[in-house]
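Notes follow once the structure below has been shown.
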Amino acid sequence: MRVRDDDGQVTLLIIVYTLVAAAMVIVAVDASAFFLAQRGLSAVADGAAVSAAQALDVDALYAGRAGADLPLDEAGVRAAVASYLADRELGATYPTLQVAEAGTDGETVTVTLTYDKKLPFLPMVSALTSAFPGGTVRVEVTARARSPFR
């Protein structure tokens, strides 16, 4: 009967476990970075929506077309969103920030913002696969607000 030589088996297990732990750290760091970017962008979208919800349509108000809620002006909503974002100087924090939608149905403002977030380890993953070109993921958030004037 031949005795099997087990030299090096522990080293192999340590290498495999280290690779698994490193993969888990990479996923956790990228997921956290995405979550924090989404949460921050959501706060910006909320602020822009609340600011735009105060863009009263004066012509509709004076023409008597105001119902339970005061009507909102579409052009005023877009201008308020643009002004809110410009006042916050978000270019350094969100360099690829775009307003995908800024509009109103007359009572509720909807603001959708998008941002291409470069995650810390995603470029390394995208070098191995073509799933994430450029190592970025798109963060998209939507916020809604109603006019505070009732």
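Each value in this text was obtained by applying a stated rule to the coordinates, not by laboratory testing. Every value quoted in this text rests on a predicted model; they were computed, and no experiment measured them.
Pairs of Cα atoms under 8 Å, at least six residues apart: use those to get the relative contact order of the stretch 9-146, whole percent.
Details: 199 pairs, mean separation 37.0, N = 138.
In percent, rounded to a whole number, it is 27.
Once Rh for the stretch 9-146 is found with the Kirkwood sum over Cα pairs, what is the Stokes-Einstein diffusion coefficient at 25 °C and 0.890 mPa s, in µm²/s? Don't skip to the end; give the middle numbers.
Numbers: Rh = 17.5 Å.
Once the numbers are plugged in, D ends up at 140 µm²/s.
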